[in-house]
Amino acid sequence: MSPVGCCSPGVRGDGVADTLHRIRSFVLRAGRMTESQQRGWDEGWSRFGLKSEDGPLDWSQAFAQPGRQVVEIGFGMGDSLLAMAQQDPATNFVGIEVHRPGVGKLLSGALAQEVHNLRVYAEDAVDVLERSIAEDCLDALHIYFPDPWHKKRHNKRRLIQSEFVASMIPKLKPSGLLHLATDWAPYAEQMLDVLSASPGLQNTQQDNGYAPRPAWRPLTKFEQRGKRLGHGVWDLLFTRTAH
């Protein structure tokens, strides 16, 4: 095992890296922190915070115990990520989110619940993946309910595009899981098309369609409200094929 816990990050020479620099995994929204969120940031960042400028993540140094290595991109207010870390203490989770009130809320919850298997980047996921997540490293990568960019002229801003997916695949171990979820049907269709056309990925479903919500993904309050209103939710579960 290398010093960063897996193989060293590769350098792509096919233009994908240049394309990724034009992709942003977020839209930075203004918003003040509540007192609780600010306290979570102030008291929790030194314990849970990571920075991509520090280079490839050394999982063995960042976490007190070895375990499965899972990254969630865009965890929002952090409710699902915190719940997953609590219910699976043998897995080490890294969350990536630029919305500081959300990061503050997650850190506040992690402190209150004494969660030890969780770390956070408050940066753009494109930068974190490129600088800090080594290849053949992750057991799973989660992206739940990314911004759907409803208007057709904004569809190009959606995170799940072939270039970004191509950058994620090498970060997964062989048979590692890429798990996406959305509540917007047109985006679900795009996700399915992009993932199905991506070399190196295999749909876990025999019909090559959507998957039932797995038990490990918590049912969010937003999702519960949507279900009461008759809104659908689509999960996509793909694994990385062997080299």
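The values are calculated or read from the model by the stated rules, or taken from the named source; none is laboratory data. A quick note: this is a predicted structure, and the numbers were derived from the prediction, not measured. Cβ coordinates were reconstructed from backbone atoms using ideal geometry, including for glycine residues, and neighbour counts include every protein chain displayed.
General observations
- Among residues that are of a type outside the set (G, A, S), more than 18 Å from the chain's Cα centre (by Cα) and modelled with pLDDT under 85, V16 is included.
- Verdict on R68 being surrounded by fewer than 17 Cβ atoms within 10 Å (Cβ to Cβ) and in contact (Cβ under 8 Å) with a residue 60 or more places away in the chain: yes
- Residues in region 92-136 that are buried (at least 24 other Cβ atoms within 10 Å of the Cβ), under 13 Å from W59 (Cβ atoms) and not polar (S, T, N, Q): F93, V94, L118, I133.
Here's the yes/no breakdown for (1) at pLDDT 95 or above; (2) in a loop (DSSP other than H, G, I, E, B); (3) on the phi < 0 side of the Ramachandran plot; (4) out of contact with any Pro (no Cβ under 6 Å at 6 or more places or on another chain):
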{"residue": "D136", "(1), (2), (3), (4)": "yes, yes, no, yes"}
{"residue": "A140", "(1), (2), (3), (4)": "yes, no, yes, yes"}
{"residue": "I143", "(1), (2), (3), (4)": "yes, no, yes, yes"}
{"residue": "D147", "(1), (2), (3), (4)": "no, yes, yes, yes"}
{"residue": "M168", "(1), (2), (3), (4)": "yes, no, yes, yes"}
{"residue": "S175", "(1), (2), (3), (4)": "yes, no, no, yes"}
{"residue": "H179", "(1), (2), (3), (4)": "yes, no, yes, yes"}
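- Those helices (runs of 4 or more DSSP H) lying entirely in region 27-129 with at least 3 residues under 17 Å from P218 (Cα atoms): 79-87, 100-112
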